[in-house]
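The values are calculated or read from the model by the stated rules, or taken from the named source; none is laboratory data. Since we're looking at a predicted model, the values are computed, not measured. Note: ideal-geometry Cβ built from the backbone for every residue, glycine included; neighbour counts use all protein chains shown.
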Amino acid sequence: MRLAAVLPFVALILSGAAAVSAQQPASAPAADVVVIHAGTLLDRPGRAPRRNVSIVVRGDRIESVQDGFVPAPEGARLIDLSDRFVLPGLIDSHVHLDSDRAGVEGTLAAVTDNVALTAHEAAWNARKTLRAGFTTVRNLGSSDGVTLGLRDAISRGWAIGPRIVDAGTSLSATTGHMDPTLGVREEFHDVLRHSGSTCDGPDDCRRAVRRQIARGVDVIKIATTGGVNSRIGLGLGAQMFEDEARAIVETAHLYGKRVAVHAHGADGINLALRVGADSIEHGTLIDDESLRLFRQTNAYYVPTLSTVNGYIERMRANPNAYTGEVREKIEWRISITGQALRRAVPAGVRIAFGTDAGVSMHGRNADEFLLMVEHGMTPMSAIQAATVNAADLLGLADQVGTIEPGKSADIVAVRGDPLSDVGVLRQMNFVMARGRVHRQEP
């Protein structure tokens, strides 16, 4: 059937749907009024916590934050967290929700699992992430669109999970980190290239960005260097020319989209910063020029240290979990973990929290806090990285990152004091996201 013949029917359906929608009331909020009594409240990470505070939530928003334990109005729900440490919902700036598998197992799953199964896995990982206290995530790469769909399903209340900022398909040059043909028999290359994850030359890279924007992505993710998990031994230095990276960044910014850049080698880090990248992911080999460019451009650094936990756990379970070239890069990555962060912190580089969950394990996102503190951050600055800073990086500072009137009711709580022992954030026992309670333990 020709498009011209179909369009009148589409218009009729849409007009009918609009009429039905106009007759139906908006969905009811999660709860009309909830009053939370917080024993200790870190409402604005970076400032001193407050004692004995009441948070009033109406629907999915924070209505007020009041000193003292105010009584709940008649009909309102009271949540007693007077013996807990309460803070804003946490934000992970770098996840891959569509898989909790990697190495040989992950490669096999990518060509055997159907899209529907992958969608269920992404939803399962999203629930684990939310229960761990991460109420917002930035998903940096999913070629088949399942996380774009999951983002919208969660937003509509059809699925349970964190708020998702999604990058769609990540981009690199041919043979770059995002090329799905690496390490795969040539007979399959033509099929795999349909993912649209590669581009070559400025014009082709502009087209690739526009294709992702047309899919409805929130952010653009690219790789300017090789990767640890790239199934080919081409190293971790630059693998994209500056005019290609510049074309990607300029096109994304033209459409109001930020750009996250996977980069390990200093040459690829500095190239990305010169052309205006908004964040550098991993940044393993930061040098003096990198530090200068970070300060000059005000870009964020997302260290993703806990990838090494995933590597170590998988290799303990199966010494053959990764192929030879990848195994060598993994061993190098483990040996050098945290060195770049130790340079970035005293240099005044802005840090945002990100785990690369999917390489590390979903639901264990808070493990990253321990590594951040081990390698030069204070507990407070690590919490800032996962709240205030990450909210700013994701362009959501007006919605999340602090507990203030008008912001989304994303609130979590733990026993103990994370400012003394950041590890307590791994035992989350209360999670509210957009006004709905998803975890509440005695």
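Applying the condition of being of a type in the set (Val, Ile, Thr) and outside any loop (DSSP other than H, G, I, E, B) to segment 284-334 and asking which residue is surrounded by the most Cβ atoms within 10 Å (Cβ to Cβ) yields Val302. Within segment 94-117, not a single residue is free of Cβ contacts under 8 Å to residues at least 60 places away in the same chain and assigned by TED's automatic domain parsing to the domain that holds Ala38. Flag: Ile403 does not match the condition of being surrounded by 22 or more Cβ atoms within 10 Å (Cβ to Cβ), assigned to a helix (DSSP H, G or I) and either out of contact with any Lys or Arg (no Cβ under 6 Å at 6 or more places or on another chain) or of a type outside the set (Ser, Thr, Tyr) (or both). Counting the residues of segment 252-283 that are closer than 18 Å to Gly141 by Cβ and either in a helix (DSSP H, G or I) or touching a helix residue (DSSP H, G or I) at 6+ places or on another chain (Cβ under 9 Å) (or both) gives 17. His120 meets all of the listed conditions (1) surrounded by 15 or more Cβ atoms within 10 Å (Cβ to Cβ); (2) free of Cβ contacts under 8 Å to residues at least 12 places away in the same chain but one, namely (1).
A quick yes/no check of all residues on (1) over 19 Å from His362 (Cα atoms); (2) in contact with a Gly (Cβ under 7 Å, 6 or more places away or on another chain); (3) among the charged types (D, E, K, R):
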position	(1), (2), (3)
Glu289	yes, no, yes
Leu293	yes, no, no
Ala299	yes, no, no
Thr307	no, no, no
Tyr311	no, no, no
Arg314	no, yes, yes
Arg333	yes, no, yes
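Only one residue in Val431, Val414, Val400, Val422 is under 30 Å from Gly276 (Cα atoms) and either in the same structural domain as Arg58 (by TED's automatic domain parsing) or β-branched (Val, Ile, Thr) (or both), so which one is that? So the residue among Val431, Val414, Val400, Val422 that is under 30 Å from Gly276 (Cα atoms) and either in the same structural domain as Arg58 (by TED's automatic domain parsing) or β-branched (Val, Ile, Thr) (or both) is Val400.
Based on this model, can you work out whether Thr307 counts as in contact with a Ser or Thr (Cβ under 6 Å, 6 or more places away or on another chain), outside the structural domain of Pro45 (by TED's automatic domain parsing), under 21 Å from His262 (Cβ atoms) and at pLDDT 90 or above? It is true that Thr307 is in contact with a Ser or Thr (Cβ under 6 Å, 6 or more places away or on another chain), outside the structural domain of Pro45 (by TED's automatic domain parsing), under 21 Å from His262 (Cβ atoms) and at pLDDT 90 or above. Residues that are in the same structural domain as Val104 (by TED's automatic domain parsing), of a type outside the set (D, E, K, R) and at positive phi occur at least once in segment 218-237. Could you tell me whether segment 361-369 includes any residue that is surrounded by fewer than 24 Cβ atoms within 10 Å (Cβ to Cβ) and among the polar types (S, T, N, Q)? No, the conditions are met nowhere in segment 361-369. Does Leu81 meet the test of being of a type in the set (A, V, I, L, M, F, W, C) and closer than 20 Å to Val359 by Cα? Considered against the rule, which asks whether it is of a type in the set (A, V, I, L, M, F, W, C) and closer than 20 Å to Val359 by Cα, Leu81 comes out as no. Among the residues of segment 406-433, those that are part of a helix (DSSP H, G or I) and touching a residue at least 60 places away in the same chain (Cβ under 8 Å) comprise Val424, Leu425, Arg426.
Cβ-Cβ below 7 Å, separation at least six or inter-chain, first residue in segment 283-297 and assigned by TED's automatic domain parsing to the domain that holds Leu273 and under 20 Å from Ile222 (Cβ atoms), second surrounded by fewer than 16 Cβ atoms within 10 Å (Cβ to Cβ) and modelled with pLDDT under 95: which pairs? The qualifying pairs are Thr284/Ile336. Contact map, segment 200-229: residues that are in contact (Cβ under 8 Å) with a residue 24 or more places away in the chain and within 17 Å of Gly276 (Cα to Cα) paired with residues that are assigned to a loop (DSSP other than H, G, I, E, B) and among the hydroxyl-bearing types (Ser, Thr, Tyr), Cβ distance under 7 Å, separation 6+ or inter-chain. Pairs shown: Lys221/Ser170; Ile222/Ser170; Ala223/Ser170.
Of all residues in segment 370-400, exactly one satisfies the criterion of being surrounded by fewer than 24 Cβ atoms within 10 Å (Cβ to Cβ), touching a strand residue (DSSP E or B) at 6+ places or on another chain (Cβ under 6 Å) and assigned to a loop (DSSP other than H, G, I, E, B), namely Gln399.
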